[in-house]
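A.B. asks: Can you read through this structure? Questions will come right after.
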Amino acid sequence: MNSPLLHVFRNTPFGRETLLLSAYSCQKLQLPLDIYLPKEKRFLFYFDADVVQIDLDSSYLRDKGSARQHAEELIESFSLQHRFISPCSQTATGLPDLQTNFSLMTCPRSMSDVTGRIGLGHIGPKVRRILQLAPFPVLLPSAAYKPWNKLTVLYGGSPLAAVSVRLAMQLQKRCHLPMQIISVGDRPSLEKALESQGLIEQVHSCDWRVFPGSSLNDHFFEIPHDALVVLGAYGHGPIKALLGSSMEMVQSQLPNPLLVVGPRYRSLSDYS
């Protein structure tokens, strides 16, 4: 896990907050930081399964002359390796494209046009496409910089939830912070799923809390305010369809930074 975290910098107060979280997360996880200063509103990701065009709002291009200076000032207090990157090429469409061999990518908090228009700024619905196709997890910050000192995993029994648990365990080895696992549903059924996924012993050694019922929303208060929340973007069971209304509910009601794993995620061990 030596590949960098990708951050697309927005030269605004909201952009300041998200860059601070990216820098903090890189410091905690011992990752380098790649910062992209966009010069136009669109760029491309060439993923293995598809091409995704990212459409930025106009706030990303505000005061381009001071963007690098502001970014450098924000990260100078963090002990981390960083660089400012340029597009790796430009396609026949005239749009720049970025490489995709990152460990993580930071995206804005809002997940839809509707919430984005509140004023948080947004990459828009293409965040969903990034989650669907990217080989790396996506870090969704809250509106204001919120340092994290714990890891909380949402586990609902699905294969992607198991991937989230494994990812969190790898992160814990890097940051040496307490880890909590939260599940909603029937404990015997969840234990059966964990056993089939080869995770039963690892989860039992953690702070695993299982709550009855089917509504995750009823148990948000159990998530520490200073935790990085790790979850899967797809799944079956108590935590499901997180790219739909459930994800909107999580990201709108939970102020914690979220690290979201999509279905094409590659294990951190796959990165050089």
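A.B. asks: Of these, 71, 49, which one is out of contact with any His (no Cβ under 7 Å at 6 or more places or on another chain), among the hydrophobic types (A, V, I, L, M, F, W, C), assigned to a helix (DSSP H, G or I) and under 22 Å from residue 99 (Cβ atoms)?
C.D. replies: 71
A.B. asks: Out of all the residues in region 248-272, which are polar (S, T, N, Q), part of a loop (DSSP other than H, G, I, E, B) and either at pLDDT 80 or above or crowded, with 17+ Cβ neighbours inside 10 Å (or both)?
C.D. replies: Correct list: 256 only.
A.B. asks: Any residue at all in region 130-146 that's more than 14 Å from the chain's Cα centre (by Cα) and farther than 21 Å from residue 26 by Cα?
C.D. replies: no
A.B. asks: Look through 117, 109, 128 and report the one residue that is basic (Lys, Arg), at pLDDT below 90 and outside any helix (DSSP H, G or I).
C.D. replies: When all the criteria are applied, what remains is 109.
A.B. asks: Still on this structure, please answer the following. For region 84-91, state whether one or more residues are crowded, with 19+ Cβ neighbours inside 10 Å and outside the structural domain of residue 167 (by TED's automatic domain parsing).
C.D. replies: No, the conditions are met nowhere in region 84-91.
A.B. asks: Can residue 102 be described as modelled with pLDDT of 90 or more, part of a loop (DSSP other than H, G, I, E, B) and under 27 Å from residue 250 (Cα atoms)?
C.D. replies: Criteria met by residue 102.
Every residue, every condition in (1) in the same structural domain as residue 174 (by TED's automatic domain parsing); (2) in contact with a Cys (Cβ under 6 Å, 6 or more places away or on another chain); (3) modelled with pLDDT under 90, yes or no:
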site	(1), (2), (3)
18	no, no, no
21	no, no, no
25	no, no, no
28	no, yes, no
35	no, no, no
42	no, no, yes
48	no, no, yes
52	no, no, yes
56	no, no, yes
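A.B. asks: Just to be sure I understand, how many residues within region 34-89 are within 22 Å of residue 135 (Cα to Cα) and among the acidic types (Asp, Glu)?
C.D. replies: Of the residues in that region, 4 qualify.
A.B. asks: With respect to residue 196, is the statement that it is of a type in the set (Gly, Ala, Ser) and either within 16 Å of residue 254 (Cα to Cα) or free of Cβ contacts under 8 Å to residues at least 12 places away in the same chain (or both) true?
C.D. replies: For residue 196, the condition - of a type in the set (Gly, Ala, Ser) and either within 16 Å of residue 254 (Cα to Cα) or free of Cβ contacts under 8 Å to residues at least 12 places away in the same chain (or both) - is met.
The values are calculated or read from the model by the stated rules, or taken from the named source; none is laboratory data. The shown structure was predicted, so the numbers you read here are calculated from the model rather than taken from an experiment. Don't worry about glycine lacking a Cβ; one is built from the backbone with ideal geometry, like all the others, and counts go over all protein chains shown.
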